[in-house]
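> Dropping the structure in here first, questions after.
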Protein chains: 2
Amino acid sequence: MKEANGRITIGDVAERAGVSIATVSRVVNGRYGVAQSTYTRVQAVIEDLGYESSLVARSLRSRRTNVIGIIVADIEPFSAELLKGAARAIRSTGYELVVYSGGGHVGDQVGWERRYLSRVNGTLTDGTLLVTPTVVDVPSNAPVVAVDPHAGVSSLATVESQNLEGAVTATEYLIRLGHRRIGFIAGRPDLESARLRERGYRQALDNAGMVFDPDLIRVGGYTREATEGPARELLESAEPPTAIFAANDVSALATIDVARTVGMSVPDDLSVIGFDNIPESALSDPPLTTIDQSIQEMGYVATRLLLDHIADPFLEPVHKTLPTELVVRGSCRAPSSESFTI
Amino acid sequence: MKEANGRITIGDVAERAGVSIATVSRVVNGRYGVAQSTYTRVQAVIEDLGYESSLVARSLRSRRTNVIGIIVADIEPFSAELLKGAARAIRSTGYELVVYSGGGHVGDQVGWERRYLSRVNGTLTDGTLLVTPTVVDVPSNAPVVAVDPHAGVSSLATVESQNLEGAVTATEYLIRLGHRRIGFIAGRPDLESARLRERGYRQALDNAGMVFDPDLIRVGGYTREATEGPARELLESAEPPTAIFAANDVSALATIDVARTVGMSVPDDLSVIGFDNIPESALSDPPLTTIDQSIQEMGYVATRLLLDHIADPFLEPVHKTLPTELVVRGSCRAPSSESFTI
DNA sequence: CTGTTAGCGCATTCAT
DNA sequence: ATGAATGCGCTAACAG
């Protein structure tokens, strides 16, 4: 017993069992060429000492790690949902999952995912899922699949949802309810999904023969913090909208809260519709009407895709698009007659 | 350019910059003793090549990694909530987060967390959060905090919620509504939280002077799959309960679904109350009445605790207990008069 | 069958 | 100020 460090290494086991390190390694990895008696003896020592090989050391040496990585900027409702789907896809594949998160303090710097990716891919992981990456020309030897990526075209395999169609649906729903002044809380301008949702908003307006009013657009950046100011601005303007389409649920929920603070009631004075259908959206008061993009399914599909690419490195990168769907809850209604007269 | 492997290593940078590996390492880590001119040149090459040091290699060599680990058996609603809280606690601490998940296929083997822990703690991570571990006598040099652990007493720092009190509250709520035949879907018998919730159930019955009927208890094991059979059994028995307290939300939601398949309506024919308040519980039809244990807060508190222990290794392990609270939604009501007459 | 020898990518003495 | 050498824990040749 001389593990000065506290950590039990393969060396400790070897010494205790009176064999070489290589032999212990063979036993641990179930390699052939070990006498039955040696095998059992080493196994016993391993059991006794509670030895477990270090993931780090093992990864460094061998190409295969049986671990797939998921890189996220932060763990928030969207990525958390995605993780659930990924975990479901991993189940009974023998793979393990490592989620690497910068802890939220990376969102600013463009290219965080590239840095993180090169830190883990190919050494720690056999392949990696990139969640909402801002760049997609990542240099990597191991397979990479991007979920909800920044750019439209990419050499990477990608999974995204029908952002444009969903946004059109959301806006048309508000129009159908009778709204004529419809505001838009935009997402992060650097994200393709955000741009598509704005395009959908405009397109639906166009289709309905309504004029697009730039004063009704504010940028919320997909986060609560970034949304609050702009949303307040919008609602306190001279002619506030009677309805708001927020580019994602988080900003929609923030908008509802802001509306309350400025004395507006949702949905009586203001209708709000979101995009994503994160679980939290059903918890709000009132429950949020939104566009469902089955985030879990995206995680599931992306992970399956990644596994395919790991199995066959020469697979052509495919681009999958998942459907979106309107989920009507309680945050929208026809505008009050008072609003109509304005 | 001879990165035969695809991965850009510190060696590639050194070669390109015409310096030794040691010098590049100094630059990367901001060590002193590098000429300004060398520094800039190396920095440029790093930029140019897009070099990023391998987390794995770095971890192997140095003690400090600036990464904290979270070990979970699977990523499901409970652990996902916890992760959100942990991510919030990590924010702006400079630490990064690595979540290690077995992908669900580990739940069976007791002690999975011990194996996983020794794989990462002390090498990959500076400290680790153990989520719902079944054993708590883990040997580890680096700090460990257990969340919702199996055993009551532990040498580890722990964070849990008022399981007993919450269960009493849940059961008393059903009693107050007028229920007399109250079933219980138990959790995993090896988990302390599950045992406490069962104890709370019995205690509330006792307090109300009601007799405990073993026929009204079934084991659901905290999962949807494990719950369905036992729940069906309970509901199809000769004298089904008029209300069910499920040990967690997942099994409560499963119970609601089972009730529907056997032709019972919730809450008209059957009241169901859960425990946890995962986001999904508000999404069900009807929305689930449950006991909130602020899972995110547990993740947050546990992470702060872990950081404290990393900062001061000699800190005495503390045990925190977080409050629980009844959340009334739509899955419970007074028993129908018909049920009363039984 | 088993031990010896080389690294994997990197940080850290110890020289220079 | 910089480079050569050493080893973290482990796996994979290559010898015996």
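> How would you classify the protein assembly as shown from its alpha-carbon gyration tensor, with a ≥ b ≥ c the square roots of the eigenvalues: rounded for a/c under 1.5, else prolate if a/b is greater than b/c, otherwise oblate?
Note, shape of the protein assembly as shown comes out oblate.
> A follow-up question, please. Test of understanding: given chain A, find the longest segment containing no chymotrypsin sites (Phe, Trp or Tyr not before Pro) that are in a DSSP loop and have at most 16 other Cβ atoms within 10 Å. Please report the intermediate quantities before stating the final value.
Details: sites that count: A:32, A:212, A:314.
Counting at most 16 other Cβ atoms within 10 Å as exposed, the longest clean stretch of chain A is A:33-211.
> Amide H to amide H under 5 Å from residue B:217: which residues, 5+ apart in sequence or cross-chain, H placed 1.01 Å off N in plane?
Amide H neighbours of residue B:217, under 5 Å, 5+ apart: B:184.
> Further question on the same structure: First check a/c for segment B:163-293, with a ≥ b ≥ c the square roots of the eigenvalues of its C-alpha gyration tensor; if it is under 1.5, answer rounded, and if not, answer prolate when a/b is larger than b/c or oblate otherwise.
Numbers: a/c = 1.28, a/b = 1.11, b/c = 1.16.
Rounded.
> Given a 10 angstrom Cα cut-off, can you work out which residue in A:208, A:254, A:17 is the most mobile in a GNM of chain A?
Of the options given, A:17 has the highest mean-square fluctuation.
> Is there a simple number for the mean count of other chain Cβ atoms within 10 Å of the Cβ of residues in A:301-311, and what is it?
0
> Put a label point 7 Å from Cα along the Cβ direction on residue B:21, then list its distances to the equivalent points in the other copies in nm, shortest first.
In nanometres, ordered from closest: 1.6.
> Using only the Cα atoms, what convex hull volume per residue in Å³ does chain A have? It would help to have the intermediate numbers written out before the result.
Values: hull volume 52.6 nm³, N = 342.
Hull volume normalised by residue count: 154 Å³.
> In addition: For residue B:206, place a label point 7 Å from Cα along the Cα-to-Cβ direction in every copy; what are the distances to the other copies, in nm, shortest first?
Those separations, rounded to one decimal, come out as 7.1 nm.
> Oh, and also: Say we join alpha carbon atoms closer than 10 Å with springs in a Gaussian network model of chain A; which of A:331, A:59, A:92 then has the biggest fluctuation?
In this elastic network of chain A, the residue with the biggest mean-square fluctuation among A:331, A:59, A:92 is A:92.
> Another question, if that's okay. In the neighborhood of residue A:291, defined by Cβ-to-Cβ distances under 12 Å, what is the net charge if each Lys or Arg adds +1 and each Asp or Glu adds -1?
With Lys, Arg at +1 and Asp, Glu at -1, the neighbours total -4.
> Given only helices, namely DSSP H runs of n ≥ 4 each adding -39500 (n - 2.57), what is the per-residue ellipticity at 222 nm of chain A, to the nearest 500 deg cm²/dmol?
Rounded to the nearest 500, the figure is -12500 deg cm²/dmol.
> Excluding residues fewer than 8 places away in the same chain, name every one of the aspartates and glutamates whose C-alpha is closer than 20 Å to that of residue B:320.
The qualifying aspartates and glutamates are B:81, B:137, B:148, B:160, B:165, B:192, B:276, B:292, B:297, B:308, B:312.
> Okay, moving on. Roughly what would the spin-label model give for residue A:320 and residue A:62, points 7 Å off Cα along C-beta, in nm?
Computed distance between label sites residue A:320 and residue A:62 equals 2.8 nm.
> Mind checking B:281-288 for the average number of partner chain beta-carbons within 10 Å of each residue's beta-carbon?
That average works out to 3.
> Roughly what % antiparallel, to the nearest 5, for the DSSP beta bridges in chain B?
Here the antiparallel bridges make up roughly 10 percent for chain B.
> Something else now. Using the alpha-carbon atoms, what tilt in degrees (0 to 90, nearest 10) does helix A:295-311 show relative to the longest principal axis of chain A?
It is inclined by approximately 40 degrees.
> Also, I was wondering about something else. Ordered shortest first, which distances in nm separate the 7 Å Cα→C-beta label point of residue B:323 from those of the other copies?
Those label-point separations list as 4.7 nm.
> From the phi angles alone, apply the Karplus equation (6.51, -1.76, 1.60; θ = phi - 60°) to segment B:57-71 and give each ³J(HN,Hα) in whole Hz, x where the residue is Gly or Pro.
Each residue's phi maps through the Karplus curve to give 5, 5, 4, 4, 7, 10, 5, 7, 10, 6, 10, 10, x, 10, 9 Hz.
> Under a GNM of chain A (C-alpha, springs under 10 Å), which listed residue has the highest mean-square fluctuation: A:130, A:283, A:253?
Maximum among the listed residues: A:283.
Coordinate-derived values only; no laboratory data. Keep in mind that this is a model prediction, so the values were computed, not measured. All Cβ positions, glycine included, derive from the backbone under ideal geometry; neighbour counts span all protein chains shown.
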